Amino acid sequence: MSESKRYASINNPTIQAVISGMYRFATPQEAAEQLQALKRHFIAAKKQINNPEHPSLILWIKGFGLEAGDEKHGVLGHFAVVTFQKNDGRYALVANKMAVDYREHPQRSQVSRNNPNWGNPILRAVRKGKTYATIEAAQAELTSLHETFPKVSIPNPAKLFIMIYCSDRPAKERMVKHVLEIQTNPQGQYFISCRENTAKPKQKPKEAASPTSPEASTPQGSFTAKIALARTKKGKKPLLGTKKQKLDNDS
């Protein structure tokens, strides 16, 4: 593919002439030559119609044939079969829209979602190891992610907890917790690391043994119990052994 080639767009004067039917030629050979000129300048679809008797060219054209509902799929344009037909004694180029699954389109916009996926520009940059000259610049990326997806992210200084949609996982496991964190490299530059958040929630402390259970200790005197409760509230260990017994005897 030539580097000078680009995808067709309705904003291009040549493409505008095609889709409006303004290209008109005296012979079919001249019309076919214009199709070849289009193929030299624009990126053609991989699949073409092989019919030498009536040449055609399939192009994806940005902005062409957009309809209501396209936006929700991120559709930016459509494929078109460009060919020619005889009209008033001349051969005019025409573009007929093709129905192609939007997932096969070469360009699509980022669809608004509740969760980011790895197509998000910031997350793509994170994966590529983008570096930042200042910590403020890196923090601005994390802040932007949080503000775009506030319901699925928790911002911390230099860190962001966020749920990312991972399409390569099984259907019920695609919402994955991640931690984005600003770090420095040996060159003194800042970058954003990314890892799955595999931390498990802390287990609840075991409930105290029931007085009727075998593990239950001898009932404490009221005074000792009050002392133990006060010490526990202060973060101190409860009294044990002879000191506990002395308090019981004194109470």
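The values are calculated or read from the model by the stated rules, or taken from the named source; none is laboratory data. Note that the coordinates shown come from a computational prediction; the quantities given were computed from them, not determined experimentally. Positions of Cβ are backbone-derived with ideal geometry, glycine not excepted, and every protein chain shown enters the neighbour counts.
For segment 40-52, the tally of residues that are crowded, with 17+ Cβ neighbours inside 10 Å and without any contact (Cβ under 8 Å) to a residue 24 or more places away in the chain stands at 1. When ASP70 is tested against (1) outside the structural domain of GLN189 (by TED's automatic domain parsing); (2) out of contact with any strand residue (DSSP E or B) (no Cβ under 9 Å at 6 or more places or on another chain), exactly one condition is not met: (2). Candidates are the residues of segment 15-33 that are surrounded by 16 or more Cβ atoms within 10 Å (Cβ to Cβ) and of a type outside the set (Gly, Ala, Ser); the one that is nearest to GLN107 (Cα to Cα) is ILE15.
Of the residues making up segment 144-172, those that are over 14 Å from ILE192 (Cα atoms) and without any contact (Cβ under 8 Å) to a residue 12 or more places away in the chain are GLU147, PRO150, SER153, ILE154, ASP168, ARG169, PRO170, ALA171, LYS172. Checking VAL126, VAL94 one by one, the residue that is assigned by TED's automatic domain parsing to the domain that holds GLY69, surrounded by 15 or more Cβ atoms within 10 Å (Cβ to Cβ), in contact (Cβ under 8 Å) with a residue 40 or more places away in the chain and of a type outside the set (D, E, K, R) is VAL94 and no other. Taken together, ALA80, ALA68 contain a single residue that is surrounded by fewer than 16 Cβ atoms within 10 Å (Cβ to Cβ) and aliphatic (A, V, I, L, M), which is ALA68. Listed conditions (1) in contact with a helix residue (DSSP H, G or I) (Cβ under 8 Å, 6 or more places away or on another chain); (2) under 11 Å from ILE192 (Cβ atoms) are all met by TRP118, apart from (2). Where strands (runs of 3 or more DSSP E) sit wholly within segment 148-209, those with at least 1 residues that are at pLDDT 90 or above and among the charged types (D, E, K, R) occupy 159-165, 175-184, 190-196.
Here is a yes/no grid of residues against (1) at pLDDT below 90; (2) outside any loop (DSSP other than H, G, I, E, B); (3) within 27 Å of the chain's Cα centre (by Cα):
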| residue | (1), (2), (3) |
| --- | --- |
| LEU59 | no, yes, no |
| GLY69 | yes, no, yes |
| LYS72 | yes, yes, yes |
| ALA92 | no, yes, no |
